[in-house]
Amino acid sequence: MPTYFDSIPPIKHEGTASNNPLAFKYYDPRKVVLGKTMAEHLRIAVCYWHTFAWPGNDIFGAGTFDRPWKPGTPMTQAMAEDRAANAFAFFERLGTPFYCFHDVDAMADALTPSAYKASLARIADVLAAHQERSGVKLLWGTANLFSHPRYMAGGATNPDPEVVAWASLQVREMLETTHKLGGSNYVLWGGREGYDTILNTNLKQELDQLGRFLNMVVEHKHKIGFGGTILIEPKPHEPTKHQYDRDTATVFGFLKNYGLENEVKVNIEANHATLAGNSFEHEIATAVALGIMGSIDINRGDAQNGWDTDQFPNNVMEITQAIYELLRGGGFTTGGFNFDSKVRRQSIDAEDLFYAHVGGIDVLARGLLGAAKLIEGGELQGFVDQRYAGWKSGMGEKMLAGSASLADMADYAVNNDVMPVRKSGRQEYLENLVTNAC
Ligand code: XUL
Ligand code: CO
C-alpha cells in the first residue's frame, strides 16, 4: 500500500562531512560509546500523537497539515489502519527502534465502553502485525484521560466516580494492550489531575483518589504479569492551573505517601521541567538521587513563551548536561528518549517531519558523545568528589552515620576552634569543561 513517505529514502548515517539534510551526521546506531551502542544508550522512540494524530491546529486556527490519513477528523477503522501504516512507514524510514501512543491516537472513535474495548482491540491487532513485520517496538503505551469532555474535571481525580470508572476502563485496556504489544513501560500523565480553581476542589479527597487509582494500576500490572515499568509524567500546569504531579520531587513525595515509591518511576519531559521552574538536568539528577529515574520525553520549550511548545531539541550543551546526569545514574533500563516534540504549524511537508527528527536525534547523539567525554575525562566528577571529601572521614562521616549528635558537632566546633577555609566553587571553569566537551 502506498504511503505519504514513499518519496523519502531511508535515513542513514553519513557522518559530519555530509551536507545531506536527510542524513544523520552524529547518530550512528552501531557506534559504541562507553561500552554500549548509541542505539542501546538512547533507545529512541517517535510519538504517535504529535506526528500522526495532530492536524496542526492551535487555539486560534484550524489544522494546517494535509495528511492523507486526515488527523483531527472522526476516525473510522479504515482511517486508523491507514494512519498505522503511515506511522510504521515513517518509523522504518527513520530507523528508530521504538514508538509510543495513547489509545485514542491510534484507534477508531468509540462512543460507549463496549465499543471502546472492541475498537482498541481491533487496532492493537493491526499494530502487533506492523511491529512483527518491521521489528519496531513499543516503548510505552498510555490512556488519554484528558481530551474527551467527560474528563473536563479530571480522570482519576474527578468528583464523579462514574467518570473514574471510565478512566479505569481506559487504563485497564491500555495497560493490557501495552502488555500484549510487548511494551517496556506504561505511562500516566495526569493532564487534568489537578484543578482550575481551588474554590470548587477538595484537594485531600482528590489526592486520595489519585493515590488509590495508582495503587489499583500497580495491582493490575502484577495481576496480568506486566514486567514493564509504571511511570508518572510530571508537569506543573497546562491544561489545569495546578497539576498534582508538578515535578519529580513532588511525585516522589506523593509516591511515598501512598506506598508506591518502589513501584513507580518518572517519565521526565524537558519542557515540563522548565515549565515547573526547574532545569531539565535538575529533574534527571533528582530522579536519579531518589531512585525513580525511568524514561524521558525529549523536546524543548521557548524562552519567551510560558507554555508547552514541545519543540524539537537543539541545544547541545543542555542535552549534554542532561545525558551526563542520566549516565551518572546508570542510563536507561526500560526507558528511552521519546520524541514528544511537534513540528511547527507552518512545517507542513512530509520532509519537515524528517528534518525535525533527524536534527533532534543528532542533538541527542552529540549530547551522548559530549557526556561520554566528560565521564571519560573524569575532571567534573573528580571536582565534585573532592568537594565532598570531608564527609568520608572524621566528624562528617560520624554525622552521616548517625553517631554524632547536634551537640557533638557543635562541641567539635568549639573544642577545635573551627574556622573553615572558603574554597572556590569553580562554576565558570566547570561550565567551560562542558562547553569544550560538546
Ligand atoms: C503533555 C504530554 C503528554 C504525555 C502523554 O504535555 O507530555 O503527551 O507525554 O500523555
Ligand atoms: Co510528554
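The values are calculated or read from the model by the stated rules, or taken from the named source; none is laboratory data. Everything numeric in this text was worked out from a predicted model, so none of it was measured. A quick note on method: Cβ atoms are made from the backbone with ideal geometry, for glycine too, and the neighbour counts reach across all protein chains shown. Areas reflect the complete protein model, heavy atoms only, side chains present, ligands, DNA and RNA absent. Shrake-Rupley method; radii C 1.70, N 1.55, O 1.52, S 1.80 Å.
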When every residue in the stretch 304-328 that is farther than 16 Å from I44 by Cβ and within 16 Å of ligand 2 (Cβ to nearest atom) is compared, the one surrounded by the most Cβ atoms within 10 Å (Cβ to Cβ) is D310
The number of residues in the stretch 143-190 that are assigned to a loop (DSSP other than H, G, I, E, B), crowded, with 20+ Cβ neighbours inside 10 Å and among the hydroxyl-bearing types (S, T, Y) is 2
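Out of G331, G301, I need the residue that is surrounded by fewer than 21 Cβ atoms within 10 Å (Cβ to Cβ) and either on the phi > 0 side of the Ramachandran plot or within 12 Å of ligand 2 (Cβ to nearest atom) (or both). Which one? Give the steps one after another, and end with the answer.
Working: G301 fails: either on the phi > 0 side of the Ramachandran plot or within 12 Å of ligand 2 (Cβ to nearest atom) (or both).
Exactly one of G331, G301 is surrounded by fewer than 21 Cβ atoms within 10 Å (Cβ to Cβ) and either on the phi > 0 side of the Ramachandran plot or within 12 Å of ligand 2 (Cβ to nearest atom) (or both), namely G331.
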Matching residues in the stretch 337-355 (within 16 Å of ligand 1 (Cβ to nearest atom) and either free of Cβ contacts under 8 Å to residues at least 12 places away in the same chain or within 10 Å of P313 (Cβ to Cβ) (or both)) number 3
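Does G336 meet the test of being within 16 Å of ligand 2 (Cβ to nearest atom), touching a strand residue (DSSP E or B) at 6+ places or on another chain (Cβ under 9 Å) and closer than 21 Å to W140 by Cα?
yes
Can you confirm whether the stretch 322-336 contains a residue that is under 29 Å from the mean Cα position of the chain (by Cα), in the same structural domain as I268 (by TED's automatic domain parsing), β-branched (V, I, T) and over 21 Å from P234 (Cβ atoms)? Walk me through it before giving the result.
Filtering the stretch 322-336 for residues under 29 Å from the mean Cα position of the chain (by Cα) gives 322-336.
Imposing the further condition that a residue be in the same structural domain as I268 (by TED's automatic domain parsing) reduces the set to 322-336.
Subset that is β-branched (V, I, T): 323, 333-334.
In the following step, the residues that additionally are over 21 Å from P234 (Cβ atoms) were identified as none.
For the stretch 322-336, residues under 29 Å from the mean Cα position of the chain (by Cα), in the same structural domain as I268 (by TED's automatic domain parsing), β-branched (V, I, T) and over 21 Å from P234 (Cβ atoms): absent.
Starting from residues that are of a type in the set (V, I, T) and under 22 Å from E379 (Cα atoms), keep the ones in the stretch 390-438 and report whichever is least open to solvent (accessible area, probe 1.4 Å). It would help to see each step written out before you state the result.
As a first pass, look at the stretch 390-438 and keep what is of a type in the set (V, I, T): 414, 418, 421, 434-435.
Those left that are additionally under 22 Å from E379 (Cα atoms): 434-435.
Working: V434: 11, T435: 70 Å².
In this case the residue turns out to be V434.
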Only one of F52, F65, F90 is part of a loop (DSSP other than H, G, I, E, B) and either surrounded by fewer than 21 Cβ atoms within 10 Å (Cβ to Cβ) or in the same structural domain as G335 (by TED's automatic domain parsing) (or both), namely F65
Residue match in the stretch 412-425 (condition: under 30 Å from E318 (Cβ atoms), in contact (Cβ under 8 Å) with a residue 24 or more places away in the chain and in a helix (DSSP H, G or I)): no
task: Could you tell me whether the stretch 71-85 includes any residue that is more than 16 Å from ligand 1 (Cβ to nearest atom), assigned by TED's automatic domain parsing to the domain that holds L127 and assigned to a strand (DSSP E or B)?
output: no
Only unsatisfied item for T274, checking (1) open to solvent by 60 Å² or more (accessible area, probe 1.4 Å); (2) away from ligand 2 (no atom under 16 Å from the Cβ); (3) part of a helix (DSSP H, G or I), is (2)
